[in-house]
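S.K.: One structure, pasted below without further comment.
The values are calculated or read from the model by the stated rules, or taken from the named source; none is laboratory data. Being a predicted model, the structure only gives us computed values, none of them experimental. Please note: Cβ atoms are built from the backbone with ideal geometry, for glycine as well, and neighbour counts cover all protein chains shown. Accessible surface is based on the protein model in full, side chains and every heavy atom, while ligands, DNA and RNA are left aside. Shrake-Rupley method; radii C 1.70, N 1.55, O 1.52, S 1.80 Å.
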Amino acid sequence: MHHSFKHYWQLYLLALPAVVLMLTYRYLPMFGLSLGFTNYRVGMSFDRVSWVGLKWFQQMFSNKTFLNVLWNTVYISMLKLLFSFPAPILLALLLNEMDNQWMKKRFQTMIYLPHFLSWTIVAGILFTLFSTQTGIVKYFGMKESIFLNPSAFRWMLVFSDIWKDAGWGTIIYLAAISSISPEYYEAAMIDGATRSQRMRYITLPCISSTVVVLLLLKLGNVLDAGFDQVFMLSNAAVLDSADIIDTYVYRIGMSQGKFAVGTAAGLFKSVVGCSLVFLANRAVKLADPEAGIM
Amino acid sequence: MKKSIFLLLAIVMMCSMCFTATAEASTPITYTIMQKYAYPEYPADGGEAKTVMQEMWEKNLGITDTDYNILLFAGSDYDTKLNTLIASGDIPDYFYCSLEQFQTFVRNGIIAPIDEYVADMPHYNALRVDTAQQNYDNFTYEGKHYCFTEVELPGELNRAGTGGVIVRTDWLNKLGLAEPVTLDDMHNVLHAFRYDDPDGNGADDTYGIGGSVVSKMFSSVFGAYGIYMNGATSWMLQDGKLVHSTVADGVKDVLTVLQQWYKEDLIDPDMFIIEDQQAQSKYIAGNFGVWENTVWSANNARVAWDGAGDGFLCNVVAPPTGPEGKMGYPVNPVKSFGYVMSTKCAETKDPARLCKILDWMLNLDADGGFMTVTYGLEGTHYSYDPQTDMITYLTNDFSELYKAGFSNPIRLLPATDRRWIAKDDPRAIDFSISNNLDNWILSAFSGSVPAMDEYPDLFTGLWTTYFTKIVTGALPVDAYDEYVKEFYEQGGQEMTDQANEALAAM
C-alpha cells in the first residue's frame, strides 16, 4: 500500500476533495441520526433533551397515517421501477437504431432538455396543460381535473417522471451500447439476423451488466419516490394517495419542527434502502458472480 | 529601565481599557427581523428607507450604529425557514409568531417575556386598548406577556374585517340579477354565472365560484349555518362547551350544499390546486364570478381592469343568509399572530434599544416614525391634509413603496390605519360591508393550547383532505362521520379538553 501511495500520490490527491466532501456531508451528519431516539423539538436546549429509545418508531408503525405514507412510497416507487426504469433503455435501443446521425443528434438534444427543468417549472406546465378550464385537455372533453383524482394522479407522477428524465437516462445506456464491438453486429447480419434479433441477442446482453448496476442503485433508492415532484404536484384531494415518506418527513420535521420524528422516519427509509441494496446484490451474485457492485 | 517598561505597559493597558469602554458604548447592532410576507420588490439592502430610518433614529431617538436586516418568507415556507434557523442556532432577533407555535417557543426558551420593555413604550401602550389589549393578553404564559401584537388607530374603517364575498357586479347587471341575499340566491347567481355566458363571449368558460387552497374555503357558506370557519383556530360553543368548528353541528349540511354545487359544476375545480396569485389571475381573467377574499384582492382586480374600458367591476357583498336565517363572515378581531423577541436578542442585543425603535414606529407626532414607516416620504410617496386628516398616496401602487424599502416589510409593530382610503373609494364601500359588525361571525375561543402545536395536521392535513374529497365527490357526505371519529382519535379530544380548560380559566 505504501508503494501504491508513493507511486500514485497524485491520483490520491485528486480523489481527496471528493472524499472530504463525502465524509463531511454524508458521514459526519450521521451523528444527527441520534435525534431520532430523543424527544428533541425545534429550539429545545440540549439539557432538556432526553432519550426515548424506539418511541417514535413504535408510534410510526401504529400510526395509520405513516403506514399509508409507507404504502404510497412503495407503490409509487414500484410503478416507477416498472415503467420509468425501462423507459431510457428502450429509448436508447431505439436511438441506437437511427441511421440518420443528424436527426439522431438533434433528437437526443431534445430529449435531454426536460431534465434541466426543475419540478417547480414542470409543475406549472402540467397545471396549465391539465386545467379543465384553460388547459389543452378541455378540448378533449376532460371534465375532471387529473390532479383531483387519486389513481390518475399516481399515473401522472409516473408519466411526467418518464417525460422529464428518460431522455437524460439514455446517456449511460448509449455509452454502454457504443462500447459493443461492431463485429458482433456484422457477424449477425451475415447470419441473417433482423434488427430486433440483433437487439435481443447482442445489444441487450452486452449492456446487461450496466442495467444490473443501475437497477441495484435504483433499488437502494426505492423508498425515494421523488420528493420534489410529489411536493410540487400534490394537493389535499390526493394527499392520502400521494404523500410519501419524504414529504411526510418534510411536513412533520421541517414545517412542524418535530425533528426527532422526522429523523426517525428518514432513518427507517435509509435502513430499508441500504438493506435492499445488499439483498439485491446478493441475489444478482447468485445468478452471476461477476455481476453486482460489491 | 524596568520601571519605565512597567509604566509604559500600565499606560498602554489603561488606554486599551478606555478604548474598549468607548467601543462598548457605541457597539454596532444589526437586528435580524423575519416577516411573513412575500414582497419580491423589497431590496435586500433595505433601500432608501434604511438610510432614512437611521437618520431619523439618530435625530429623534439619539440612536446610532443600529442596522436591520429583514428576511421575508410567505406561507408554509415561513415555518420551514424559521424552524431551520432555530435548529441551526441562528434565531432571528425579532420575528412573526403564530398562536399555535407560541407556547412551544416559550417552553423551549426561544422567546423572551416583554413586560419590562413594554412598560417603557408609551405610544404602544396608548394604542393597546379594547381588542388590542385582548390580543396582547392572548399571548400570555404563566402570567408573562411574550408578543407584540398589532394595534389599530381609532376609527370604524380600521376594524378587523378585511374580507368578504366578492361578486362580479357587472355580470349581475348583464344578467339582470340582484345581489344574492340568501344561500338560494347565491346558488342561482352561481348557476347563472356558470351557464348563462355572463362575459358574453359565446364560450362555455366561466365558473360560478373559485378561489385557491389558501383562500377562505366557503367560509360564508359555513357562516350561513352559523359556523365560524377560519383556519385551525376555529371554535364554536355547543351546550356551553367548546367544540372545534370542523366537528360542530351543521358542518354536514354545509358539505351537502357544497357537494351539490360541485356536482352542478358551479365550482372551479382548480381552486383545490392553485395558489392565491394564480387564483387572482384567474379572477382578473374572468374565469369565475364569485370568490371569498380580502378587500385588497377585490381592489387588485379593479385596478387590473381599470383602463380596459370594458366596465368590469366587482364588489364585496354581505354574506348570504342560510335556511335558518343565520349568516356571517368569519372575523377574528383577536389576532392569532404577533411578533416576538428571541431570548438571544434579549440577552445580547440591547433589547431596550429595539423596543425604543418599535415604540417610535407607533409615534404619530412629527418626530415620530409612524407616517414615514407606513407611508414613505411626504411629498414623494404621500401627502397629508391635517384639515381632513386624510392621506393621499402619490405612488401608483404599493410596490413602489416596497421597492424603496418602506411600508409592510419594515412595519415591525403594525398599527392599522386606513386614513388613505377616501370616502368615495370603492374600498371604503367594501369596508362598510366587511366591517359591519352585523356581518361578522366570531370564534368562541381565540387562545392557544399546547395541543394545537402538537397536532397541527388535524386541520391542515386531516380536515382539508376530507373536506376536499367530500366536496369534489370523491367521498360521500357520510364520510364526514369518519372524519369526526379520526379527529378525536388523533388528538382532537386532547385539544378540545385543553381549550375548554383554558376557557374556564379565563
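S.K.: Quote the relative contact order of region A:63-287 in percent (integer), defining contacts as alpha-carbon pairs under 8 Å separated by 6+ residues. Let's see the in-between values first.
M.R.: Working: 205 pairs, mean separation 67.5, N = 225.
Relative CO of region A:63-287 lands at 30 percent.
S.K.: Let me ask something additional. Amide H neighbours of B:Val165 under 5 Å, at least 5 residues apart or on other chains, H built in the peptide plane: list them.
M.R.: Close amide H contacts, sequence-distant or interchain: B:Val317.
S.K.: Can I ask one more? Run a plain Debye calculation on region B:369-506 (Cα atoms as equal point scatterers, no solvent) and give log10 I(q)/I(0) at q = 0.09, 0.10, 0.17 Å⁻¹, rounded to two decimals, same order as the q list.
M.R.: Summing over Cα pairs of region B:369-506 leads to -0.56, -0.66, -0.96.
S.K.: Quick check of the Kirkwood formula: for region A:63-287, what is the inverse mean of 1/r over all pairs of different Cα atoms, in Å?
M.R.: Numbers: mean 1/r = 0.0503 Å⁻¹.
About 19.9 Å, per the Kirkwood formula over Cα pairs.
S.K.: Accessible area per residue of the protein assembly as shown at 1.4 Å probe, in Å²? Before the final figure, lay out the partial values.
M.R.: Working: 38550 Å² over 800 residues.
Ligands and nucleic acids excluded, the figure is 48 Å² per residue.
S.K.: Could I ask something else about it? How large is the charge dipole for chain B, taken about the Cα centre, if only the Cβ atoms of Lys, Arg (+1) and Asp, Glu (-1) carry charge, to the nearest 20 debye?
M.R.: On the way: 33 positive and 70 negative charges, 274 e Å.
That gives chain B a dipole magnitude of about 1320 debye.
S.K.: How big is region B:31-114 on each of its three principal axes, counting only the C-alpha atoms and giving the largest first in Å?
M.R.: 39, 31, 22
S.K.: Need the per-residue list for region B:91-108: every residue with at least 30 Å² less accessible surface in the complex of protein chains than in the chain by itself, probe 1.4 Å, sorted by number.
M.R.: So the qualifying set is B:Asn108.
S.K.: Compute accessible area for region B:429-470 by itself and then with all protein chains, 1.4 Å probe, and report residues whose area falls by 20 Å² or more.
M.R.: Relative to the lone chain, where solvent access is computed with a 1.4 Å probe, region B:429-470 loses at least 20 Å² at B:Asp453, B:Glu454, B:Pro456, B:Asp457, B:Thr465, B:Thr468, B:Lys469.
S.K.: How big a patch of accessible area, both sides summed and in Å² to the nearest 100, lies buried between A and B at a 1.4 Å probe? Intermediate results must be reported in sequence, preceding the final value.
M.R.: Details: alone 18280 and 22990 Å², together 38550 Å².
In total, chains A and B hide about 2700 Å² from solvent.
S.K.: For B:Asp120, A:Asp246, write out the residues from largest to smallest accessible area, computed with a 1.4 angstrom probe and no ligands counted. It would help to have the intermediate numbers written out before the result.
M.R.: Working: B:Asp120 120, A:Asp246 35 Å².
Ranked list, largest accessible area first: B:Asp120, A:Asp246.
S.K.: A 24 angstrom limit on the alpha carbon distance is what I want to check against. Which of A:Lys138/B:Lys469; B:Lys252/B:Lys485; B:Lys174/B:Lys469; B:Lys335/B:Lys485 exceed it? Please report the intermediate quantities before stating the final value.
M.R.: Numbers: A:Lys138/B:Lys469 22 Å; B:Lys252/B:Lys485 14 Å; B:Lys174/B:Lys469 34 Å; B:Lys335/B:Lys485 30 Å.
Pairs exceeding 24 Å: B:Lys174/B:Lys469; B:Lys335/B:Lys485.
S.K.: If you take the Cα atoms of region A:25-65, find Rg, then find the Kirkwood Rh from the mean of 1/r over all pairs, what is Rg/Rh?
M.R.: Details: Rg = 12.1 Å, Rh = 11.6 Å.
Ratio of gyration radius to Kirkwood radius for region A:25-65: 1.04.
S.K.: Of B:Tyr68, B:Pro456, B:Gln260, which is farthest along the charge dipole of chain B in the positive direction, counting Lys and Arg as +1 and Asp and Glu as -1 at C-beta?
M.R.: B:Tyr68
S.K.: Counting only C-alpha contacts under 8 Å and six or more residues apart, can you give the relative contact order of region B:23-173 as a whole percent?
M.R.: Numbers: 125 pairs, mean separation 31.2, N = 151.
21 percent.
S.K.: What is the Rg over Rh value, at two decimals, for region B:307-438, using alpha-carbon atoms and the Kirkwood definition of Rh? Can you show the working numbers first?
M.R.: Values: Rg = 19.3 Å, Rh = 18.2 Å.
Checking Rg against Rh, the ratio lands at 1.06.
S.K.: Whole-Å semi-axes of chain B's equivalent ellipsoid, largest first, each the root of 5 times a Cα gyration tensor eigenvalue? It would help to have the intermediate numbers written out before the result.
M.R.: Values: eigenvalues 432, 166, 77 Å².
Output for chain B: semi-axes of 46, 29, 20 Å.
S.K.: Moving on to the next point. Could you work out [θ]222 nm for chain B from helices alone, using -39500 (n - 2.57) per DSSP H run of at least four and dividing by all its residues? Round to the nearest 500 deg cm²/dmol.
M.R.: Working: 22 runs with 204 residues, N = 506.
Taken over chain B, the calculation gives -11500 deg cm²/dmol.
S.K.: Also, I was wondering about something else. What are the extents of the Cα atoms of region A:31-185 along their three principal axes, listed from largest to smallest and rounded to whole Å?
M.R.: Sorted largest first, the three principal extents are 69, 49, 27 Å.
S.K.: Would you give the gap between the C-alpha center of region B:372-450 and the C-alpha center of region B:138-162, rounded to a whole Å?
M.R.: 16
S.K.: What share of Cα pairs, in percent, lie more than 23 angstrom apart in region A:137-218? Before the final figure, lay out each step's value.
M.R.: On the way: 1610 of 3321 pairs.
Looking at region A:137-218, the distances longer than 23 Å represent 48 percent of pairs.
S.K.: Give me the percent of accessible area attributable to carbon and sulfur for the protein assembly as shown, probe 1.4 angstrom. Mind dumping the intermediate values first?
M.R.: Working: 23300 of 38550 Å².
Answer for the protein assembly as shown is 60 percent, counting heavy atoms of protein chains only.
S.K.: In region A:217-243, which residues give up 20 Å² or more of accessible area once the other protein chains are added, compared with their chain alone (1.4 Å probe)?
M.R.: A:Asn235, A:Ala236, A:Ala237, A:Leu239, A:Asp240
S.K.: Using θ = phi - 60° and the Karplus curve 6.51 cos²θ - 1.76 cosθ + 1.60, what whole-Hz ³J(HN,Hα) does each residue of region B:89-103 get, with Gly and Pro shown as x?
M.R.: x, 9, 5, x, 6, 8, 8, 5, 9, 8, 4, 5, 8, 4, 5
S.K.: If you bin every alpha carbon distance in region B:188-289 into 5 Å steps from zero, what whole percent lands in each bin?
M.R.: 2, 13, 19, 20, 18, 12, 8, 5, 2, 1, 0
S.K.: Report the one residue of B:Ala504, B:Ser432, B:Pro113 whose Cα lies farthest in the direction of the positive end of the charge dipole of chain B (charges on C-beta: Lys and Arg +1, Asp and Glu -1; origin at the Cα centre).
M.R.: Comparing the listed Cα positions along the dipole, B:Pro113 ranks first.
S.K.: Cα axis of helix B:47-56 to longest principal axis of chain B: angle in degrees, 0 to 90, nearest 10?
M.R.: 50
S.K.: Still on this structure, I have one more. Please list, ordered by chain and number, the residues whose modelled amide H lies under 5 Å from the amide H of B:Tyr31; skip anything fewer than 5 residues away on the same chain.
M.R.: Under 5 Å from the amide H of B:Tyr31 lie the amide H atoms of B:Asp67, B:Tyr68, B:Asn69, each far enough along the sequence or on another chain.
S.K.: Relative contact order for chain B: what is it in percent, counting Cα pairs under 8 Å that are at least 6 residues apart? Display every interim value, and only then the final one.
M.R.: Working: 833 pairs, mean separation 114.1, N = 506.
In percent, rounded to a whole number, it is 23.
S.K.: Looking only at Cα atoms, what is the convex hull volume of the protein assembly as shown per residue, in Å³? Before the final figure, lay out each step's value.
M.R.: Working: hull volume 211.7 nm³, N = 800.
So the per-residue Cα hull volume is 265 Å³.
S.K.: With unit charges on the beta carbon (Lys/Arg positive, Asp/Glu negative), name the residue among B:Ser407, B:Gly208, A:Asn221 whose Cα is farthest towards the positive pole of the charge dipole of the protein assembly as shown.
M.R.: Projecting each Cα onto the dipole axis, the largest value belongs to A:Asn221.
S.K.: Grab the DSSP H runs of chain A that are 4 residues or longer, score each as -39,500 (n - 2.57), total them, divide by all residues and round the 222 nm result to the nearest 500 deg cm²/dmol.
M.R.: Working: 15 runs with 186 residues, N = 294.
The per-residue figure over chain A is -20000 deg cm²/dmol.
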